Every structure is written in structure tokens, then in C-alpha cells.
Amino acid sequence: MATPQVAVDRDGNAVLVWGEVSGLGIYARSFSVATGAWSADALLVTSAVVTADSEPCPLLFDAKGVATMVCDNTSLFSSTRSIVAARRAPVTGQWSSARVDRAATGMNAQAPGVVVDDAGTVTVAWNEATATSPQLKASRFDATTSSWSSPVVVGAAGSGVAPRLLADGAGNVTAIVVLDGRIQAAEFAIGSGAWQAPVAVDPAATGLIVSPARPVAAIDASGTVAAAWFGASEDQQGAVLANVFR
């Protein structure tokens, strides 16, 4: 059984998501405060990549109690990896799944990150291999139209590290990512409806090599971001570095 994830909404309802190696898939079970009981297991994604040490699939609730789970997936009939999002309606308890990367045949998408803003808009970003170089791509779910946007390229020279996504009170989204060996930040600005070019937030003069481990970050309502990550010098002397920016 792969690493489980759990999320709880503001009313105490919960969703548990996990991967089963023997079942070759991602499953979910939901807890209802009203009934005090857990639901039957639901198969969200049929996957061939679930292993005992698989990365957990990001899982969260929005303000209306809709749960969203995102994972990378390899079909049983293809070696191509894709990004799949599953959403659970709180009234019916039913899950619906959609492939959000729409990658070309032979390309591989993996290591997703996800965030939801106060309006219920979900942003997913992931790393995708192309014929020339890896890229960081993103797609957004519009709660009004119940549809995913076409993927866009956020930055080039991505990595296998899942991005850390944060949303402020206005709905602007910041992605903290490892790009080209640097800790960088890319912002989706609500005003322009577009992603801004990534900018480095790590001090280049430190001489420390950025660790491939996922950076951690937090955001306040105004959009100020605090990020921290691990760096190591060539002689393996390590340090935890941090920056605050907007």
C-alpha cells in the first residue's frame, strides 16, 4: 500500500486517499459527519505506477467541501505518464476524474502540486518531459464552468520535484519550484489571467547546490511568501536557506 493522504473540511468531513500495489490503482474513502460513517472504497484512477514508496497524491478541500485529488499515473496499457485530477461532490459523494496534462504521445508528466483559492479555482502544476527538455506546466479548474484550462508552459528546464503551490486572498497563485538547479517562483496573476516568468529567489552567491528535496513555503492573505529549502556545498556541508518575498 502506497503512502496515504487525508484531508478534512471545515465541517469535519474527511477524505482518505491511498494507492494499492496489488489493486494497481488510487482509491478513496470518505467520512461523513452527518452519518458518522465511512463510505465504501472508490477507485479513482487505474494506475500501473503504484509502489510501496510511491509519492502521496496531493489532496485538499475547497471552502464548499469539494475534495480534489491529483496524481501522476501510468496506464496499464501504456508507459506514458499523465496527470489525473479527481473531484468529489459533497452532496452526492460521487467522484469524477479528468486528465489535465493532455500530453502528446510519448511525453511524460509527473510530480504534480495543487492549490485551491477562496473562489474554488484549482491550480495544478507538474513537470513534463518533452522531446527537447523538461518543462513546468500548469492547468486551472474553473468552478463556474466546471472545466480545466488547456495546459500552459510556466517555465523551462523543470525537474522531477513537485512544485509547491500557494494562493493568496485575491486568488493569485505562486509556484515555488526547482528550475535549472535554482529555487524559483512563478506567479499566476489574477489581473492579467496569465503566468509571469519565473524569477530566482535563492541567493546565487552562496555557492550552495540546491537539494532536489521539495522546498517548503507559506503565504499570507496579502501574497507575501516565505520559502525555505536545503542547500549543500561541494564538500557536502549543508544549510537550510530561506527567503521572504512577494
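What follows draws every value from the coordinates through simple rules; no lab data is involved. Being a predicted model, the structure only gives us computed values, none of them experimental. Cβ coordinates were reconstructed from backbone atoms using ideal geometry, including for glycine residues, and neighbour counts include every protein chain displayed.
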Cβ-based net charge around Gln135, under 12 Å, with every Lys or Arg adding one and every Asp or Glu removing one: -2
Tensor-based shape of segment 100-201 (alpha-carbon gyration tensor, a/c under 1.5 rounded, otherwise prolate or oblate): oblate
Spin-label zone in segment 181-195 - amide nitrogen under 11 Å from a point set 7 Å from the Cα of Ser133 along the C-beta vector: 181
Distance (nanometres) between label positions extended 7 Å along Cα→Cβ at Val244 and Ala197: 2.8
Span from the segment 150-174 Cα centroid across to the segment 17-42 one, whole angstrom: 28
Distance in nm between pseudo-label sites at Val8 and Ala218 (7 Å out along the Cβ direction from Cα): 1.9
